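Data first, discussion second: the structure below is written as structure tokens.
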Amino acid sequence: MTVDPVADVERGQLRIAVIGLAGSGKSTFAGVVAELAHERGLRCARLGLAAPLYALQERVYEAARTPLREGAQDQVLMETLARALRRISPTSLVDHFLDRLGAVEADVVVNDDLRDPHVDAVRLAAQGFRVVRVRATEPVRAARLSGRGDLTRSDRSTDELDRIVPDAVIDNDGDLDAFRAAVRALVGSWL
């Protein structure tokens, strides 16, 4: 299914891609956007580029006969799977994403796992996504990550994140109320 960004803009669909390192607050950003949309009577959908990777991660753990806690991330495995998919077909993850985007009926669409500047970011930009970078200091980020319980951790997939030019940058250094206010102000100005 092809996505027509002009038709989506005409019907008022706001598309946001959130980038940042693990623990910076991307998921929190997406949650605040969903709250804001709901308050305004708008439908909000969260779509991940990594959805196929989560499905594959589950299959790998099943094959390994090892239980996988719901929502758990084996980041090393998922990066390996992403590299393999991109080797086979560089557009595979974004193609899956755009298929799901074409089927979603929402006023606001948020993606919070964009990492690839070469293919995925280019394709999302062509579909009218605005990019927001969420930043946090290393001590704040480390504290957040220590409580997440990821099976493995890796920042390798975000090595080239600086190549993605954001439309806005929001700092998230620990004050949740300030972060929420900044997200609401930014996204509110786009709605």
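Let me confirm something: among R69, R59, which residue is open to solvent by 70 Å² or more (accessible area, probe 1.4 Å) and in a helix (DSSP H, G or I)? Give the derivation first.
Values: R69 fails: in a helix (DSSP H, G or I).
Only one candidate passes the filter, namely R59.
Scanning region 10-37 for residues that are open to solvent by 40 Å² or more (accessible area, probe 1.4 Å), among the small types (G, A, S) and assigned to a helix (DSSP H, G or I) gives a single hit, S27. Pull up region 166-179, narrow it to residues that are in contact with a helix residue (DSSP H, G or I) (Cβ under 9 Å, 6 or more places away or on another chain) and open to solvent by less than 70 Å² (accessible area, probe 1.4 Å), then point me to the one that is farthest from A142 (Cα to Cα). Within region 166-179, the match that is farthest from A142 (Cα to Cα) is A168.
Each row is one residue, and each column tells you yes or no for (1) farther than 24 Å from S189 by Cα; (2) open to solvent by 20 Å² or more (accessible area, probe 1.4 Å); (3) within 14 Å of the chain's Cα centre (by Cα).
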{"site": "A64", "(1), (2), (3)": "yes, yes, no"}
{"site": "L93", "(1), (2), (3)": "yes, no, yes"}
{"site": "A103", "(1), (2), (3)": "yes, yes, no"}
{"site": "A106", "(1), (2), (3)": "no, no, no"}
{"site": "D112", "(1), (2), (3)": "no, yes, yes"}
{"site": "R115", "(1), (2), (3)": "yes, yes, yes"}
{"site": "V132", "(1), (2), (3)": "no, no, yes"}
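Residues in region 38-54 that are in a helix (DSSP H, G or I) and surrounded by 12 or more Cβ atoms within 10 Å (Cβ to Cβ): H38, A51, P52, L53, Y54. Condition check for E138 on (1) farther than 16 Å from I16 by Cβ; (2) crowded, with 21+ Cβ neighbours inside 10 Å: one failure, at (2).
Within region 147-159, identify whether any single residue is out of contact with any strand residue (DSSP E or B) (no Cβ under 6 Å at 6 or more places or on another chain), open to solvent by less than 20 Å² (accessible area, probe 1.4 Å) and under 18 Å from R46 (Cα atoms), and answer yes or no. Don't jump to the end; show me each part of the working.
To start, the set of residues in region 147-159 that are out of contact with any strand residue (DSSP E or B) (no Cβ under 6 Å at 6 or more places or on another chain) comprises 147-150, 153-159.
This time we only want the ones that are open to solvent by less than 20 Å² (accessible area, probe 1.4 Å), so: 158.
Now restrict to residues that are under 18 Å from R46 (Cα atoms): none.
The answer is no; no qualifying residue exists.
Within region 172-191, residues that are touching a residue at least 40 places away in the same chain (Cβ under 8 Å) sit with their Cβ atoms under 6 Å from residues that are among the hydrophobic types (A, V, I, L, M, F, W, C) and part of a helix (DSSP H, G or I), at 6+ positions apart or across chains, in these pairs: N172/F179; R180/V32; V183/F29; V183/V32; R184/L36; V187/V33; V187/L36. Report whether or not A84 is part of a helix (DSSP H, G or I) and touching a residue at least 60 places away in the same chain (Cβ under 8 Å). Considered against the rule, which asks whether it is part of a helix (DSSP H, G or I) and touching a residue at least 60 places away in the same chain (Cβ under 8 Å), A84 comes out as no.
Here's the yes/no breakdown for (1) without any contact (Cβ under 8 Å) to a residue 12 or more places away in the chain; (2) in contact with a Lys or Arg (Cβ under 9 Å, 6 or more places away or on another chain); (3) not acidic (D, E):
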site: G20; (1), (2), (3): no, yes, yes
site: S24; (1), (2), (3): no, yes, yes
site: A55; (1), (2), (3): yes, no, yes
site: I88; (1), (2), (3): yes, no, yes
site: G102; (1), (2), (3): no, no, yes
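The values are calculated or read from the model by the stated rules, or taken from the named source; none is laboratory data. Note that the structure is predicted; figures quoted are calculated from it, not measured. Please note: Cβ atoms are built from the backbone with ideal geometry, for glycine as well, and neighbour counts cover all protein chains shown. The protein model used for the area step is the full one, side chains on, heavy atoms only, and it has no ligands, DNA or RNA in it. Shrake-Rupley method; radii C 1.70, N 1.55, O 1.52, S 1.80 Å.
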